[in-house]
Amino acid sequence: MPSEGGRGGWVPCPAPPHRLDAQQLLIAPEVPHGQAKKSPRPKAETPKGFRDYFGAEVTHRTEMLGKIAAVYHRYGFDALESSGVETVQALGKFLPDVDRPNEGVFAWQEDADSDKPGDWLALRYDLTAPLARVYAQHQNDLPKPYRRYAMGPVWRNEKPGPGRFRQFYQCDADTVGASSVAADAEICAMLADCLEEVGIERGDYIVRVNNRKVLNGVMEVAGLSGDDKEAERGIVLRAIDKLDRLGTDGVRALLGEGRKDESGDFTKGAGLNGAQADVVMGFMQAKRDSGAETVARLRELVADSKVGAEGVDELELISDLMSAGGYGPDRIEIDPSVVRGLGYYTGPVFEAELTFEIKDDKGRTRNFGSVAGGGRYDDLVKRFTGQEVPATGVSIGVDRLLAALDAKGRLDKTADGPVVVTVMDKARMADYQAMVAELRQAGIRAEVYLGNPKNFGNQLKYADKRGSPVAVIEGGDEYEKGVIQIKDLILGAQMAEGATLEEYKELPSQYEVPRDQLVAKVRDILDSQS
C-alpha cells in the first residue's frame, strides 16, 4: 500500500545488517591496566522514524478504533488478528539473486537448520498481504465469501519525514471471494459511515470512485495494449499518478517526449503522439457535474474497448446502488481523477478525501486530503493458490484521521485524568483507599496520591500534570467533622486565569460536603465539566 491512508502494491525492504552472536555482544573491550571498566550508557531516544504515544493519544486512538470496529461489525465483518511477522515470500515479491531479498520492510533471516538456510522473515508492511496468506491457508474452513476486518500496527523501512513514520496503524475491512460489484459498493458505503461515526461531518468528506478497467480501455483505445507496450503503459501509469503534484501540463509532458523539472533533471516520457495523449488526458478530465454525465463521457472515451465498457458498467452500477442506499453524490461520487493504486487494483478503486481546509506547517491554506483508500484486487490470493480469487477492501489511516479531527478541534480536549485523592495523614491511608474504592466502584477513574505526601502543593501539581478534573482532600479537621473537601481543578484553573472577585464568589471551585456524599458530588462536578 503506497500510503497510510490507502492501499497499493508490494512495498520492497532491506534485510538487517550483519548479526552479532551472543558471544560478540558479551565481550567487553580491553581496558588499560589500572583503569575501571566503564559500560557505555545507552541513549534514551526512540529509533529514527518511530515515536512514543502517551495518555490521551492512545485513548483517542483506542476510541476511534472501537467506533470503526463497531461499523465494520454492523456490516457483518468478523475480526481477524494475524501475526505481525510473515515470511518474505508470503509478503510479496522475492528476489533470490540478492543477499537482501526485500527493500521497504524490516527483514531478517532465521538461523540455519543443519545445511538448510533459515527462512527470511519480515514485519508486515500492511494488513492485506497477511489476509491473502490467511485465506489461502484456511480457505477450506472459512465461509465464502470471507468478510474480515483487522486493525493494528504495520511497519515500513522507508525514509521518515514530517508526519511520516515507520510504524503506524491501519484499519482494514475486506471481502474475499465475492466477484459482484455490490461488494465494492458496500465497502464505499461502509467507509462513508465510518467517517461520520468518528466525527467527520457530512460535507467535510467525499468518497471518490474510479475503475482500473476503464483505464485499461483507455490504454487500448490509445493503442497501448499488448505485451510490447508494457514499458509505455508503465510510464503512463506513473505520469497519471503524479497528477496532483505536476498538474495537467506536467502529466501531458510525461505522456509525450518527457519533462524537465526545475532542477534541470529530465524524465523520459511515454512517447505518445498528440491523439494518444488526448485520449489519456480525456480520461483524467472526464468528471462532469453528475455521476450520470461522467459515466456517459467515459463511455464515449472507451466505446471501442470491451474491457473499458465493462468498467464503465461497473461504475454505473455502483452509482445506482449508492443512490438506492441513500448515499448521494454529496457523500460518494464517480471521479476518474482517482488514480492512486491503479497499478495494483483490477477493478473499482476508491479514496476518501477530507475536503475542509487546514493550515500547514508554513501557515499555508490547503485541503487536508486523503485518509483512506481501497479497491478490488483479484490477483493477490492467486499467488498462493494459482487460482484467481476475487477480493475487495479498504484501509483507513487512523493516525491521519486523528490528525484531521485534531485540526478541526473535534477531539475531546477535556481532562481525562483520574480523580486524585490527596494524602494528608499517612497513618490514615486505609481511609483514602476506601474513598478511591467507592469512586472506582461507581465507574469513576480515581487514584490515591502515592508520592511523598509531605508537601501538599506537590500533590496538587501532580494532579494538574495528570490532567485530573477533581482533587479530594480530607485532613484531620475534616475527618473529625465527618466532611471532605472536593476541589474542581478545571474550574479553578479557568478562574485563576482572570476571574473577578464577584465571579469567584459566584462560582466557587472548592466544596465541603459530608463524607457520604463523596461519589455524588464528584459525579456532579464531572457532569458539569463535560
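Cα gyration tensor of the stretch 255-395, axes a ≥ b ≥ c as square roots of the eigenvalues: rounded (a/c below 1.5), prolate (a/b > b/c) or oblate?
Since a/c stays below 1.5, the shape of the stretch 255-395 is classed as rounded.
Please compute the modelled spin-label separation between Ser225 and Asp425, points set 7 Å along Cα→Cβ, answer in nm with one decimal.
9.1 nm
Once amide H atoms are placed 1.01 Å from N in the peptide plane, what residues at a sequence separation of 5 or more from Gly104, or on another chain, have their amide H within under 5 Å of its amide H?
Cys13, Asn157
Angle between the Cα long axis of helix 128-138 and the longest principal axis of the chain, 0 to 90 degrees, nearest 10?
Here the helix axis deviates by roughly 80 degrees.
Given H placed on each backbone N at 1.01 Å, which residues far from Gln139 in sequence or on other chains put an amide H within less than 5 Å of it?
none
Based on the mean of other Cβ atoms within 10 Å per residue, sort peptides 150-163, 330-343, 391-404, 47-60 so the most packed one is first.
Going by the mean number of other Cβ atoms within 10 Å, highest first, we get 391-404, 330-343, 150-163, 47-60.
Could you work out the helix-only [θ] at 222 nm for the chain, with each DSSP H run of four or more residues adding -39,500 (n - 2.57) and the total divided by the number of residues, to the nearest 500 deg cm²/dmol?
Rounded to the nearest 500, the figure is -11500 deg cm²/dmol.
Among residues other than Asp425 whose Cβ falls under 13 Å from its Cβ, what is the net charge (Lys/Arg +1, Asp/Glu -1)?
In short, -2.
For Glu158 and Ser323, compute 0.36 nm times the residue count separating them, minus their Cα-Cα distance, and round to one decimal in nm.
Working it through step by step, the gained length comes to 55.3 nm.
Using the beta-carbon distance between Asp119 and Lys382 and R0 = 25 Å, what value does 1/(1 + (r/R0)^6) give for FRET efficiency, to the nearest 0.05?
0.65
Nearest 10 degrees, 0 to 90: what angle lies between the long axis of helix 243-255 and the longest principal axis of the chain (Cα atoms)?
20 degrees
If I model a spin label as a point 7 Å beyond the Cα along the Cα-Cβ vector, how far apart are those points for Ala275 and Lys144 in nm?
In this crude label model, Ala275 to Lys144 measures out at 4.6 nm.
Could you give the length gained by full extension between Ala56 and Ala112, i.e. 0.36 nm per residue of separation minus their alpha carbon distance, to one decimal place?
15.7 nm
Compute the FRET efficiency between Val519 and Glu357 as 1/(1 + (r/R0)^6), taking r as their Cβ-Cβ distance and R0 = 41 Å, and round to the nearest 0.05.
For Val519 and Glu357, the calculated efficiency is 0.35.
Just want the answer: with Cβ charges of +1 for Lys and Arg and -1 for Asp and Glu, which residue in Pro130, Gly104, Met284 is farthest toward the dipole's positive end in the chain?
Checking the options against the dipole of the chain, the answer is Gly104.
Asp477 versus Asp289, label points 7 Å from Cα toward the beta carbon: distance in nm?
7.6 nm
When DSSP assigns beta bridges and you keep just the ones with both residues in the chain, what percent turn out antiparallel, to the nearest 5?
Bridges in the chain are about 85 percent antiparallel.
In degrees from 0 to 90, rounded to the nearest 10, what is the angle of the helix 456-465 Cα long axis to the longest principal axis of the chain?
Value to nearest ten degrees: 10.
Bin width 5 Å, alpha-carbon pairs only: give the P(r) of the stretch 382-423 as whole percents, running from 0 to the bin holding the largest distance.
6, 14, 10, 10, 10, 9, 9, 8, 8, 7, 4, 2, 2, 1
Hey, with R₀ at 22 Å, roughly what FRET efficiency would Met495 and Glu447 work out to, going by the Cβ-Cβ distance, to 0.05?
E between Met495 and Glu447, to the nearest 0.05, is 0.35.
Quick one: divide the alpha-carbon radius of gyration of the chain by 2.2 N^0.38 Å and tell me what you get.
Scaled against compact globular proteins, the figure is 1.24.
Which entries of Lys242/Lys268; Lys287/Lys408; Lys213/Lys260; Lys159/Lys382; Lys426/Lys454 show an alpha-carbon separation above 21 angstrom in the structure shown?
From the list (Lys242/Lys268; Lys287/Lys408; Lys213/Lys260; Lys159/Lys382; Lys426/Lys454), the Cα-Cα distance tops 21 Å for Lys287/Lys408; Lys213/Lys260; Lys159/Lys382.
Which order do the peptides 345-351, 302-308, 524-530 take when ranked by the mean count of other beta-carbon atoms within 10 Å per residue, highest first?
Final packing ranking: 345-351, 302-308, 524-530.
Since every read-out is calculated from the coordinates, none of them should be taken as a lab result. Because the structure is predicted, anything quoted here is derived from the model rather than measured. Neighbour counts are summed over all protein chains in view; Cβ atoms, including those assigned to glycine, are modelled from backbone coordinates with ideal geometry.
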